[in-house]
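Contents: one structure, followed by commentary.
Please treat every number below as a calculation from the coordinates, not as lab data. Keep in mind that what you see is a predicted model, and the values were worked out from it rather than measured. As a convention, Cβ positions derive from the backbone with ideal geometry for all residues, glycine included, and neighbour counts pool all protein chains shown.
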Amino acid sequence: MLFHFRKDQRTTAIAAGVIGNIIEWYDFALYGFMASVLSDVFFPSEDRLVSLIATYGVFAVGFIMRPLGSVIFGWLGDTIGRSRTLLLSVAMMAFPTLVLGLLPSYEVAGILAPLLLVLVRMIQGLSVGGEFSTSVTYLVETAPPKERGLAGSWANTGSLIGMLLGSGAAAIATDVFSADVLASWGWRVPFLVGGILGVIAILLRKNLPESPQFKLYEKARCPNSPLKEAFTCNRVQMAQGVLFSSGYGALFYLALVYLPTWVSEISDISLSEAMQANTLTLALLLPVIPLGGWVSDRLIRRTRLLVWDFTFLGAACALAFIWMQNGNPIAIFVGQIITGLILAVPLGAAPAMFAELFPEDDRLTGYSIVFNVGLGLVGGTTPMLASWLILISGSALAPVALTLIWAVIAIGALMWMRDRSREPLLTHCGTSIHHVLATSSGSELDTRGGQRPTK
């Protein structure tokens, strides 16, 4: 029982892990949906398109900061501990969200207003780079061995709840307030609500107990930097993680982000109608995500489950593009729902698999980097790449090639990995936690996970 919490501690750990991801994706979705309003507040221009480009440019700044955040928070989590890093990451998301709701407009502060907005988004981007992987690592390390998949799935459940709350808050604000009120002060309300949620998250994480595995491992900490360990001792795992997360990220963005825009561009279906199908899909995913984690714990080992899932996901995404190109409303709803439900399985099972891939020496550093490279850089640029392929090929079905290529890459990476879903978590470069327990009795652990006699 040493390596997981009591029932009451587990409940607190899950709540603290979930709420951080709710805030992260609440802000992500809210900024995107409120972009048209924010463009007038911070980037007023006679050319509407110029204002929107500037607003989305600030949005992109957050993505640019994510890789740096992954390195910083990964290093912090592997050196000072998971719980303190979780508190720092949520504070760096919550307070900037609150500040964003209080920023002066361009009309009041001039050029200072957009500069402050950029600074806020930079800080939030740093936080996003470490929040998800830190919360997953904490949830997995504090879970009973047979519940790691289910534990890791709660982070993505929180992300999805945050997206739904963000889109819902933006919809309510635009419906309740008139256009003049919304542009004057109404836009601030959803961001201030996000700041309040952030304060609740800080209170939940303030006295969060440290991961028992991290506390035990502190006695045998590797003297090398976690970043160095990730790219030397665990370079194979880094390659496997980047390849899988890239395929995973590309298919995630194609299925849940790009499809609504694509179908509205190539058919008579409006973006609003396409987004309704997308929102329904996100809502239906909520109960399936933890189910995916549970299945990977109890019924099918994680890599095997994900190989089958990505086989179906690649085929389903390709068929969805083909079926939906004529703008049939039934095809749009059914196509998005089917691909979304298939995608829910890796949303549930993959978080624990990433945490199991790396040893304690650099678990958070390795996880943070491969996650942000794959889901952030590759996944985030996939819609742009898909649009470019349509442009140069002249075919609206050009994205089909992307879905199949990335599905094959993800499957290949999974088959290359060693499945550890039924094994103890690693501590040092291939050494399990059981080895640390065995050698820590009457001996002093060396930094390689070996043993040297106590003097």
Review point. Straight-line reach from residue 146: which aspartates and glutamates have a Cα under 15 Å away, not including same-chain ones fewer than 8 places off?
Key: 297, 356, 419, 423
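Taking the Cα centre of segment 222-423 as origin and charging only Cβ (+1 Lys, Arg; -1 Asp, Glu), how large is the dipole, in debye to the nearest 20?
So the magnitude is around 440 debye.
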Exercise for review: Positive end of the charge dipole of segment 222-423 (Lys, Arg +1 and Asp, Glu -1 on Cβ, about the Cα centre): tell me which of 307, 263, 385 has its Cα farthest that way.
Suggested key: 307
Exercise for review: Check cross-link reach from residue 228 to the aspartates and glutamates: straight Cα distance under 17 Å, and skip same-chain residues fewer than eight apart.
Suggested key: 78, 360, 361, 362
Point to revise | residue 384 versus residue 203: modelled label distance in nm, points set 7 Å from Cα along the beta carbon direction | key: 4.1
Revision key, fill the gap. When the charge dipole of the chain is computed with +1 on Lys and Arg Cβ and -1 on Asp and Glu Cβ about the Cα centre, the Cα farthest towards its positive end, among 340, 408, 426, belongs to 426
Study note, to complete from the structure: Nearest-0.05 FRET efficiency for residue 323 and residue 109 at R0 = 45 Å, using Cβ-Cβ distance, is 0.35
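To the nearest 500 deg cm²/dmol, what mean residue ellipticity at 222 nm is calculated for the chain from DSSP H runs of n ≥ 4 alone, each contributing -39,500 (n - 2.57), summed and divided by the residues?
Helix-only estimate at 222 nm: -25000 deg cm²/dmol.
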Practice item. Hey, can you grab everything whose amide H is under 5 Å from the amide H of residue 427? Only 5+ residues off in sequence or another chain; H modelled, so Pro and N-termini drop out. Key: 360, 432, 433
Check your understanding: What dipole magnitude, in Debye to the nearest 20, does segment 219-303 give about its Cα centre under +1 on Lys/Arg Cβ and -1 on Asp/Glu Cβ?
Key -> 860
Check your understanding: For residue 330 and residue 311 in the same chain, what is the full-extension length gain: residue separation times 0.36 nm, less their Cα-Cα distance, in nm?
Key -> 4.4 nm
Study note, to complete from the structure: Put in order of increasing Cβ neighbours within 10 Å, starting from the fewest, 324, 238, 415 give 415, 238, 324
Point to revise | Karplus (6.51, -1.76, 1.60) ³J(HN,Hα), θ = phi - 60°, over segment 144-154, in Hz, Gly and Pro reported as x | key: x, x, 8, 10, 5, x, 5, 4, x, 5, 5
Point to revise | Fully extended contour minus Cα-Cα distance, from residue 118 to residue 261, at 0.36 nm per residue | key: 48.9 nm
Revision key, fill the gap. 1/(1 + (r/R0)^6) with r = Cβ-Cβ of residue 393 and residue 8, R0 = 45 Å, i.e. FRET efficiency to nearest 0.05, evaluates to 0.20
Point to revise | Taking 202, 289 and counting other C-beta atoms within 10 Å, the order from fewest to most | key: 202, 289
**Study point:** Within segment 301-322, backbone nitrogen closer than 19 Å to the virtual label 7 Å beyond the Cα of residue 405 toward Cβ
**Key:** 311, 313-322
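At a Förster distance of 60 Å, what's the computed FRET efficiency of residue 416 paired with residue 192, Cβ-Cβ distance as r, to 0.05?
0.80
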Study note, to complete from the structure: For the chain, the dipole about the Cα centre with charges only on Cβ (Lys and Arg +1, Asp and Glu -1), to the nearest 20 debye, works out at 1700
**Study point:** Whole-Hz couplings from phi, Karplus 6.51/-1.76/1.60, listed for segment 376-389; x for Gly and Pro
**Key:** x, 6, 5, x, x, 9, 4, x, 5, 5, 4, 5, 5, 5
Check your understanding: With point charges of +1 on the Cβ of Lys and Arg and -1 on the Cβ of Asp and Glu, referenced to the Cα centre of segment 222-423, which listed residue (227, 246, 325) lies farthest in the positive direction of the dipole?
Key -> 227
